[in-house]
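Contents: one structure, followed by commentary.
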Amino acid sequence: MTWIGLTKKGVAVIRPDEWNLVIDALDDLKNSVDTIIQMFRYITIFVDNSLDQDVSITIKGNREPALAKSINILSAFTVAKNSTYAKTLTPDNSTYMPYITVSVSCSTAPTSGYLNIYRIRPNLTENKIVDNLAIRDTNVHDNSTDPAFIKIIQW
């Protein structure tokens, strides 16, 4: 017996009540697949900048979990000092890649504060892309320069 109450048959005529169970099961499957697709279709990048300087952020994507050969999936954007900002990405408004990371820099060296960047999915799961990065220079920071603080994660 299957999980929806049908018994396995060889070639046979299906009764109307059996056919209705099949249709109901297909509807359930479609709804589950649609929910999963929507869950991964878009993400929000949430930036918490407690640095005392503005920070420029470039979101990068790659087909594999590596910085080498990554591409910019959006134009760089600036988050003001001591502020938060959110940007929602979809395959419609950005280039989809299975893995994402960021590169960050400040035009003036900060003297205090930290940078945290999160990836948030519609099912409310979140992962830190940048974890308490204390920038104190004007260099570009990414996974190659600060692997303990800047991660490469799945879309």
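Cα convex hull of the chain: mean projected area in nm², to one decimal? All intermediate terms of the calculation are to be shown ahead of the outcome.
Numbers: hull surface 50.4 nm².
The directionally averaged projection comes out at 12.6 nm².
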Q. Based on the Cβ-Cβ distance of S75 and Y96, what FRET efficiency does E = 1/(1 + (r/R0)^6) give at R0 = 22 Å, to the nearest 0.05?
A. 0.85
Q: Taking a cut-off of 14 Å between Cα atoms, list the aspartates and glutamates near K81, but don't count ones fewer than 8 places away on the same chain.
A: D48, D52, D54
Q | Label point distance in nm, I120-K30, each placed 7 Å from Cα along Cα→Cβ | A | 3.2 nm
**Q.** Cβ crowding within 10 Å averaged over residues, with 44-54, 126-136 ranked highest first
**A.** 44-54, 126-136
Q) Arranged by the count of other C-beta atoms within 10 angstrom, fewest first, what order do L115, L74 take? A) L74, L115
(Q) 5 Å is the cut-off here: which amide hydrogens, built 1.01 Å from N in the peptide plane, fall below it relative to Y114, excluding neighbours closer than 5 in sequence? (A) S50, L51
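No value in this document is a laboratory result; all are computed from the given coordinates. These figures come from a predicted structure and were not determined experimentally. When we count neighbours, we look across all protein chains shown, and the Cβ atoms used for this are built from the backbone with ideal geometry, even at glycine.
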